[in-house]
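Beneath this line is the structure, given in structure tokens, with notes to follow.
Bear in mind that the values in this text are calculations on the coordinates, not laboratory data. These numbers were taken from a predicted model, which means no experiment stands behind them. For neighbour counting, all protein chains shown are included, and Cβ atoms are generated from backbone atoms with ideal geometry for every residue, glycine included.
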Amino acid sequence: MTDEPTADLATLGRAFEEIVTWLRRSRSTSDVSATALSLLDRLETGGAHRVTDLALLEGITQPAATGLVNRLEERGWAERSADPSDGRASLVAITDAGRARLHQHREERSLRIAERLALLDPADQAALHAALPALRHLTAVPAARLDS
């Protein structure tokens, strides 16, 4: 048996790429980068992290993560505190203002997606709704399992 995706799965993969591209291009948020939003999301869902860990998890360099955290701190969206397990290190956490900005972004994006979905006929909307459990399962699978 081969590990190569079938043509149908490759077609689905391409469709996902197109969706991601559309989402990225349709961003109305000009005051915050996609990477900053991703980092805020990670802090909200995963709690406080060291900058080194954030860099690794976000797939960016440590200097880039440090700069990003500095900018988030300047806006009041993140804050550093001493790491109780290592006095030399600090932990970065999302603030209430950062959480509010992240939620605003999510609401704006959800509205844009809903407006686009409303253009589909009811059968296509129902098909997408039926696929929700599979899509949620896909996003819940750890990336390490997908890469192995």
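Summarising the amide proton neighbourhood of Asp83: residues at separation of 5 or more, or on other chains, whose placed amide H is nearer than 5 Å comprise Ala89, Ser90, Leu91. Placing +1 on the Cβ of every Lys and Arg and -1 on the Cβ of every Asp and Glu, with nothing else charged, gives the chain a dipole about its Cα centre of roughly 320 debye. In this structure the amide hydrogen of Thr95, modeled in the peptide plane, comes within under 5 Å of the amide hydrogens of Ala78, Glu79, none closer than 5 places in sequence on its chain. Considering the chain as a Gaussian network with a 10 Å cut-off on Cα pairs, which listed residue, Arg88, Arg101, Arg116, attains the greatest mean-square fluctuation? The residue with the greatest mean-square fluctuation here is Arg88. On the beta carbon distance between Arg88 and Thr21, with R0 = 41 Å, the FRET formula returns roughly 0.50. For the range 32-120, the relative contact order works out to 28 percent when only alpha carbon pairs closer than 8 Å and six or more residues apart are counted.
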